[in-house]
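Here the structure comes first, spelled out in structure tokens, and everything after it is commentary.
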Amino acid sequence: MWQKEIDGRTKTINISLSVSKNDEKRVKVAEEIKKQLEAVGIKVSIEKISDDKYQKYLENHNYEMLLTGIYTSLSPDLTSFLGENNLANYKNDDIMYMLKELNDVTDENILHDKYEKIIEIYEKDVPYIGLYRNQEMVAYSNTFRGDVTPNNYSLYYNFSKWYREY
């Protein structure tokens, strides 16, 4: 059991993990997360909730830990994840300040340094844990030929080798 002595009292970690009860895949993932965390001594209770309650949790940020999905571009706006009123209730004054500064920066070296600092803080705090990304989904016509396989950087990977068969 994970425990720590604080002011002469033994404390343990107990986390509530909320998940939509109607999403069978996410419920299975939640159960696997519970199993793995409990193997290292962290107690997890899974709260399987209705879609209405799930939406209220999202809107009000009313959860300890939430298993959800996020649709993002390959180059998402960081303010959605790290700025005001973000999904994880994450707040870090240094990151907030740097995100505001980024709007006025055009020098690539300064941008690089600021993003490096944001990444460093993010990796220390870990407000989100990405479990997986669906990158294999692409819509195309059955007359398309060639290697139509997206990757993490482009849905149009190998576009120059695509062709249409009539």
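Counting neighbouring Cβ atoms within 10 Å and putting the fewest first, the residues S20, S80 line up as S80, S20. Semi-axes of the equivalent ellipsoid of the stretch 1-69 are 26, 15, 7 Å, computed as sqrt(5λ) over the eigenvalues of the C-alpha gyration tensor in descending order. Considering all C-alpha pairs of the stretch 1-126, those separated by over 26 Å amount to 40%. Each of Y90, Y63, Y115 was scored by other Cβ atoms within 10 Å of its Cβ. Arranged with the fewest first, they read Y115, Y90, Y63.
The residues I33, I121, when put in order of fewest to most other Cβ atoms within 10 Å, stand as I121, I33.
Divided by 2.2 N^0.38 Å, where N counts the residues, the Cα radius of gyration of the stretch 47-121 comes to 1.35. Modelled this way, with points 7 Å down the Cα-to-C-beta line, the labels at N158 and K11 are 5.3 nm from one another. May I ask you to list the aspartates and glutamates whose Cα is less than 16 Å away from that of K124, ignoring any residue fewer than eight positions away on the same chain? Within the straight-line limit of under 16 Å, K124 reaches these aspartates and glutamates: D93, D94, E116.
Every read-out reported here was derived from the displayed coordinates using simple, explicitly stated rules and does not represent laboratory data. The structure presented is a predicted model; accordingly, all values stated were derived computationally and were not measured. Please note: Cβ atoms are built from the backbone with ideal geometry, for glycine as well, and neighbour counts cover all protein chains shown.
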